[in-house]
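Engineer: One structure follows; several queries about it will come next.
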Amino acid sequence: MAPSSFRPDRRSLLRGTLAVGAGVALGPVLLSGSAYAYTWSRTLQQGMTGADVTELQIRVAGWATASPGQTRVAIDGDFGPGTATAVRLFQSAYGLSADAVVGPATQSQLNALQQSDGSTVHFDFSEFTDRVSGTFDGGKVSAATAKENVRRAMYKLEALRKKLGNTPITVNSGFRSIAHNAAVGGASDSMHLYGTAADLDVPGVSNKTVYQKAETCGFSGLETYTEDHQHVDSRADLGRAWWWQDGTI
């Protein structure tokens with residue numbers, strides 16, 4: 001992936017996939033300006049299935065594994081062993097009982113990471129929109145799908161931020177339109193075109209450290225840390241093969 005030539009001004013106050021393809025049903029619909037405190041109607045645990053399990057999987061996808069490994073949480077609505085592992089790691093990181101039972105305390109912590117528009121507490125949709133149009137239009141999926149992919153990526157980035165010691169993350173490039181991607185020399189099938197990718201800068205933290213922590217967050221695409229930014233994406237959720245450019249675990 002070629003790095004974007006655009007680098008936005010850093011915010012004075014920094015607020016810092018899994019991705020879906022064009023033909024896959026989205027999670028809960030995001031309505032502009034609407035409240036988005038997810039209503040958990042039951043305690044969840046291994047063996048259960050349903051739309052609420054799907055939402056849980058989206059929110060714990062960044063806790064796929066405790067050590068570097070090409071492991072991802074399947075967003076399939078089936079609470080299996082992989083989801084249970086991710087829940088335990090999430091619970092442990094936030095000082096909860098690591099029992100893989102998603103009751104009121106865990107649900108409250110999951111909801112503490114969300115914003116009213118569907119974004120997450122440390123990331124805004126505006127950080128991920130196309131740098132030219134300021135929208136999610138013009139990519140290889142619909143704007144709604146790109147935005148949902150971004151929402152899913154945000155939860156992985158929340159996990160990465162937590163694993164980096166709650167260090168703010170700057171998103172230099174998120175979703176790109178086909179035209180903008182071509183203008184900056186991006187690959188013709190860049191994951192940025194689907195909203196599943198982000199190019200990151202973490203002030204005070206080396207790209208190698210970011211890369212190594214990202215290896216535990218379920219990211220299936222990682223550009224080498226020798227670039228001037230750290231690229232992460234969720235290409236496996238689009239049916240692509242894993243691509244960790246460093247080549248080591």
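The values are calculated or read from the model by the stated rules, or taken from the named source; none is laboratory data. It should be emphasised that the depicted structure is a prediction, and the values quoted were computed from it without experimental measurement. Cβ coordinates were reconstructed from backbone atoms using ideal geometry, including for glycine residues, and neighbour counts include every protein chain displayed. For the accessible areas, the whole protein counts, side chains as well, though only heavy atoms, and no ligand, DNA or RNA atoms are used. Shrake-Rupley method; radii C 1.70, N 1.55, O 1.52, S 1.80 Å.
Engineer: Does residue 181 count as assigned to a loop (DSSP other than H, G, I, E, B), at pLDDT 95 or above and either closer than 19 Å to residue 63 by Cβ or in contact with a helix residue (DSSP H, G or I) (Cβ under 7 Å, 6 or more places away or on another chain) (or both)?
Structural biologist: So residue 181 fails the test.
Engineer: Could I ask something else about it? Given the criteria more than 23 Å from residue 56 (Cα to Cα), open to solvent by 10 Å² or more (accessible area, probe 1.4 Å), aliphatic (A, V, I, L, M) and not in a loop (DSSP other than H, G, I, E, B), does residue 144 qualify?
Structural biologist: So residue 144 fails the test.
Engineer: Follow-up question, since we're still on this one. Quick one: would you say residue 66 is surrounded by fewer than 16 Cβ atoms within 10 Å (Cβ to Cβ) and at pLDDT 95 or above?
Structural biologist: When the stated conditions are applied, residue 66 passes them.
Engineer: From the list 74, 98, pick out the single residue that is open to solvent by 20 Å² or more (accessible area, probe 1.4 Å), in a loop (DSSP other than H, G, I, E, B) and in contact with a Phe, Trp or Tyr (Cβ under 9 Å, 6 or more places away or on another chain).
Structural biologist: 98
Engineer: Scan segment 169-207 residue by residue and report those that are under 16 Å from residue 142 (Cβ atoms), open to solvent by 10 Å² or more (accessible area, probe 1.4 Å) and touching a strand residue (DSSP E or B) at 6+ places or on another chain (Cβ under 8 Å).
Structural biologist: Hits for segment 169-207: nothing passes.
Engineer: Which residue out of 56, 44 is open to solvent by less than 10 Å² (accessible area, probe 1.4 Å) and within 29 Å of residue 209 (Cα to Cα)?
Structural biologist: Of the residues listed, the single one that is open to solvent by less than 10 Å² (accessible area, probe 1.4 Å) and within 29 Å of residue 209 (Cα to Cα) is 56.
Engineer: Within the group 117, 99, which residue is among the acidic types (Asp, Glu) and either on the phi > 0 side of the Ramachandran plot or under 18 Å from the mean Cα position of the chain (by Cα) (or both)?
Structural biologist: Just a single option satisfies the conditions, and that option is 117.
Engineer: When you look at residue 129, is it within 14 Å of residue 197 (Cα to Cα) and open to solvent by less than 50 Å² (accessible area, probe 1.4 Å), yes or no?
Structural biologist: yes
Engineer: In segment 208-231, how many residues are in a loop (DSSP other than H, G, I, E, B) and modelled with pLDDT under 95?
Structural biologist: Residues in segment 208-231 being in a loop (DSSP other than H, G, I, E, B) and modelled with pLDDT under 95: 7 in total.
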